[in-house]
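Reviewing the structure listed below.
Read the figures in this text as sums done on the coordinates, not as results from a lab. A quick note: this is a predicted structure, and the numbers were derived from the prediction, not measured. Positions of Cβ are backbone-derived with ideal geometry, glycine not excepted, and every protein chain shown enters the neighbour counts.
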Amino acid sequence: MAELDAIDCAIVNRLQDDLPVCERPYAEVAAELGIDEAELLSRLQRLLDERVLTRFGPLYDAERLGGAFSLVAMSVPEDRFEEVAERVNAFPEVAHNYRRDHDFNMWFVLATETPEDIARVNAEIATCTGLPVYDMPKEAEYHLRLKLEACP
Amino acid sequence: MKVTRKAPRWPVPAVLDGDDEALITAIQGGLPLVPEPYAELGRRIGLSEDEVIARLRRLQETGVIKRLGVVVRHHELGYRANAMTVWDIPDDQVDTLGACMGRFEFVTLCYRRPRRLPDWPYNLFTMIHGRDRDEVQANIALLVRECGLEHIAHEVLFSRRRFKQRGALYHAPEPAHGGT
C-alpha cells in the first residue's frame with residue numbers, strides 16, 4: 001500500500017468531489033487545503049505516478065453519451081474456466097471480468113455503443129462458449145458512491 | 001436518497017455538438033496538471049478558455065459529466081476486500097430496503113437487477129467494501145441488523161481474481177467498476 005501523508009489524504013478526499021471549473025482551479029483547491037498551487041500539482045502528479053489514483057479527469061455518464069451497459073453472469077465448469085475466460089475477454093465489449101466464489105463464477109460488464117449491441121454480444125458469447133449467459137441490466141439505482149475516504 | 005428509476009430503460013442521449021465531442025475526447029485521458037488547465041485544453045482543440053469553461057459547466061449540468069475529479073484505486077487506499085452481496089427481496093420492498101442499504105458508507109453500489117429464475121433468485125445487488133473479508137462480513141451483518149433483513153435470503157460473492165479491466169474511453173465507454 002502506498003504511503004500517504006495527511007496532505008495526500010486531504011487531496012485525495014477533496015478531489016473526489018468536483019474540481020472547480022474556473023481559471024485557476026488548482027489554486028482554489030490548494031487554498032482550501034492550505035498548501036500552494038505548485039505543491040498540489042506536484043503531489044497530484046506523484047499520486048498518479050504511484051498509481052494511488054487511476055485517473056484525474058471526468059467521470060462520464062456513458063448512458064447519456066449514448067452507450068449501453070449490462071452485468072452478465074455465467075456458470076463455467078471449472079475445467080473450462082481458463083478457456084472460457086479467454087474467449088469472453090477477447091470481446092472488446094467486455095469492460096471488466098471478475099471471478100467470484102459461486103456457481104455463477106464469472107461476472108463481466110458489457111459496454112457497448114448501443115442497447116441493441118448488448119443482446120448481440122451476449123448471443124455471440126453464448127454461441128462461442130456453448131454456455132448460457134445471464135444478462136442482468138440495471139433496473140434501478142439506489143446508490144452509486146463515488147467517494148472512498150482515504151485515511152478515515 | 002436519490003432513487004433513479006429507469007423508465008424507459010435507456011435514457012435519451014444528450015445533444016452534443018462537434019466542439020463538445022472534441023472537448024470530451026481531449027479530457028478523457030485526464031485534465032492537464034498545469035495552473036490553467038482549461039486554457040490549455042482550449043489551446044489543444046481551438047477553443048477559448050471561456051468557451052471550454054462554459055461547455056464543461058453545461059456538460060456537468062446536463063449530467064453527461066457526473067464528476068470532474070480523481071478516481072482512486074480502492075486497493076491502494078487499503079480497501080483490499082470487496083464482495084458483491086445479492087439479496088432476494090419481495091418486489092414491493094425493494095425500493096425501501098435498497099434505499100436503506102444505500103445509506104451506508106461501505107456500500108458503494110446498490111442496484112436493482114432482474115431475477116433469472118429458476119437459476120438466479122436475487123434482485124438487489126450491493127457492493128460491500130472492507131479492509132479484509134472479516135470486515136466485509138461484519139459490514140454485511142450490520143446491514144442485516146440495521147435494515148431488518150433477517151428474513152431475506154442473501155449470498156456473498158467475494159471476488160477472487162480480476163481478469164480484465166480496461167481504461168475508460170469515450171468511444172468505447174466503460175462505467176466505474178460495477179457501475180452498470
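Per the Cauchy relation, a quarter of the hull surface: what is the mean projected area of the convex hull of the alpha carbons in the range A:1-69, in nm²? With every direction weighted equally, the projected area is 6.0 nm². Label separation (A:Glu82 vs B:Glu105): 4.3 nm, computed from points 7 Å beyond Cα along the C-beta direction. Which of rounded, prolate, oblate describes the range A:1-134, given a ≥ b ≥ c as roots of the alpha-carbon gyration tensor eigenvalues and a/c under 1.5 marking rounded, otherwise prolate only if a/b is larger than b/c? Judged from the Cα gyration tensor, the range A:1-134 comes out prolate (a/c at least 1.5, a/b above b/c). In terms of the mean number of neighbouring beta-carbon atoms within 10 Å, the peptides B:147-153, A:6-12 order highest first as A:6-12, B:147-153.
By the count of neighbouring beta-carbon atoms within 10 Å, fewest first, A:His96, B:His74 end up ordered B:His74, A:His96.
Projecting the alpha carbon convex hull of the range B:75-158 along each direction and taking the average yields 5.3 nm².
Per residue, the convex hull around the alpha carbon atoms of the protein assembly as shown comes to 141 Å³. The spacing between the range A:1-80 and the range B:56-108, judged by their C-alpha centroids, is 15 Å.
Using a/c under 1.5 as the rounded threshold, could you call the range B:60-109 rounded, prolate or oblate? The axes a ≥ b ≥ c are square roots of the C-alpha gyration tensor eigenvalues, and prolate needs a/b larger than b/c, oblate otherwise. In terms of gyration-tensor shape, oblate.
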